[in-house]
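What follows is one structure encoded as C-alpha cells, with my remarks underneath.
The values are calculated or read from the model by the stated rules, or taken from the named source; none is laboratory data. If you're wondering where the values come from, they're calculated on a predicted model, not measured in any experiment. Here the Cβ positions follow ideal geometry from the backbone for every residue, glycine too, while neighbour counts run over all protein chains shown. We work out accessible area using only protein heavy atoms, side chains counted, and drop any ligands, DNA or RNA first. Shrake-Rupley method; radii C 1.70, N 1.55, O 1.52, S 1.80 Å.
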Amino acid sequence: MNKLSKRLKTIYDLVSAKIVCDVGCDHGKLIRQLFDDKKIDFAYVSDISSNSLNKAINLLSIYKSKYKAICCDGLTKYQENDIEECVISGMGGYEIIGIIKNSPIQINTFILSAQHDEIELKKFMLNSGFEIEYDIIICDKGKFYNIIKCKKTNTPCQLNDFQLNFGKNNFGNNNSDIVDFIQVNLNKLYLIKSNQKTIDQKVEEKIKLFEKAKKECEKYEQNT
C-alpha cells in the first residue's frame, strides 16, 4: 500500500462498495489506493479546483477506463445513479451539509470526515433519515478528525449529547485516539474555567461530559 495518511487510511478501511465517488478528491490518492488494491470497480472523482482534479487525473491515468472526473462544486454536476458510496472529506461540516442538501442525485451511503462542526453534521444526517453505522475519532498530524459512515434507513435514529460527541466505535478501539482527544479538550476546558470570574454553565456541562467520557475510557482500560 502506498503511504496514506491516517485519516485517508481510516476512510479507505470504511469503503465496502464497488462503485464510489470522492467529492473534493484533491490529488486522488484515496481512489488510486482503492484501485491498486482492487477494492473498487469504478470511481467518480470531483473537485471544485481544476488544478487539483488534474493531479488526480494524472495519478489515475493507468485506470483510464475505470473512472470519470467531474470538475464541479460538490455534487452539482453529477447525473449518475449507480453510486453506492460517497466520500466527502477535507472540508467543514456545514460545507458538507450544503453539498448533500444540493445534491441532484440520490446517494444512500456516505463516508464523511469534517474538519470542524462535525456535531452539526451528525445531527443533519440523523434528521435526514440516515443511521450512523460507524463513528470514530482519530488523530492525524496533530489534528483530530471525526470520521463517520452513515446509511439511509427507514428507521428514525437519534443520539444523545454523549453519543454525538464520542461516537459508538471509540471506546475500547485500538484504532481510535479518543483518550488523547478527551484529555486535550479537558485541558482546554479547565484552562477556560480557571480564567473565568463567574461560572459559565455551558463550560461546566462540557467538562462533565468529557469527564464522563474519560471515566468510560478508564473502564475499558481496566477490562483489558
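Would you be able to say whether some residue in region 140-149 is part of a helix (DSSP H, G or I), modelled with pLDDT of 95 or more and open to solvent by less than 30 Å² (accessible area, probe 1.4 Å)? Working first, answer last.
Pass one, region 140-149, residues part of a helix (DSSP H, G or I): none.
Within region 140-149 (the criterion being part of a helix (DSSP H, G or I), modelled with pLDDT of 95 or more and open to solvent by less than 30 Å² (accessible area, probe 1.4 Å)), the answer is no, since none of the residues qualifies.
Just to be sure, is K64 among the charged types (D, E, K, R), modelled with pLDDT of 95 or more and either within 29 Å of K3 (Cα to Cα) or in a strand (DSSP E or B) (or both)? Break it down stepwise before answering.
Working: among the charged types (D, E, K, R): yes; modelled with pLDDT of 95 or more: no; either within 29 Å of K3 (Cα to Cα) or in a strand (DSSP E or B) (or both): yes.
When the stated conditions are applied, K64 does not pass them.
Note on region 80-90: residues that are open to solvent by 10 Å² or more (accessible area, probe 1.4 Å) and hydrophobic (A, V, I, L, M, F, W, C) total 1.
Does region 124-137 include one or more residues that are closer than 20 Å to V15 by Cβ, in contact (Cβ under 8 Å) with a residue 40 or more places away in the chain and more than 12 Å from the chain's Cα centre (by Cα)? No; the residues of region 124-137 include none that is closer than 20 Å to V15 by Cβ, in contact (Cβ under 8 Å) with a residue 40 or more places away in the chain and more than 12 Å from the chain's Cα centre (by Cα). Mind listing whichever residues of region 29-45 are open to solvent by 90 Å² or more (accessible area, probe 1.4 Å) and in a helix (DSSP H, G or I)? K29, the sole residue that qualifies.
Residue by residue through region 46-79, note down the ones that are closer than 14 Å to S103 by Cα and open to solvent by 20 Å² or more (accessible area, probe 1.4 Å). Selection gives D73, T76, K77, Q79. Inspect region 94-101 for any residue being touching a residue at least 60 places away in the same chain (Cβ under 8 Å) and not in a loop (DSSP other than H, G, I, E, B) and give the result as yes or no. Yes, that holds for at least one residue. Here the condition is being surrounded by 14 or more Cβ atoms within 10 Å (Cβ to Cβ), over 22 Å from the mean Cα position of the chain (by Cα) and more than 20 Å from I97 (Cα to Cα); of E216, E205, E221, it holds for E216 alone. Let me spell it out: the conditions are (1) over 19 Å from C86 (Cβ atoms); (2) buried (at least 16 other Cβ atoms within 10 Å of the Cβ); (3) touching a Lys or Arg at 6+ places or on another chain (Cβ under 9 Å), and I137 meets all of them except one. Which number is the exception? Answer for I137: the failing condition is (3).
The rows are residues; the columns are (1) in contact with a Leu (Cβ under 7 Å, 6 or more places away or on another chain); (2) among the hydroxyl-bearing types (S, T, Y); (3) open to solvent by 30 Å² or more (accessible area, probe 1.4 Å); (4) closer than 26 Å to S49 by Cα.
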position: G92; (1), (2), (3), (4): no, no, no, yes
position: I96; (1), (2), (3), (4): yes, no, no, yes
position: I105; (1), (2), (3), (4): yes, no, no, yes
position: F110; (1), (2), (3), (4): no, no, no, yes
position: E118; (1), (2), (3), (4): no, no, yes, yes
position: L121; (1), (2), (3), (4): yes, no, no, yes
position: N127; (1), (2), (3), (4): no, no, yes, no
position: F130; (1), (2), (3), (4): no, no, no, no
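For region 151-196, filtered to residues that are touching a Leu at 6+ places or on another chain (Cβ under 7 Å) and touching a residue at least 40 places away in the same chain (Cβ under 8 Å), the residue that is most open to solvent (accessible area, probe 1.4 Å) is D161.
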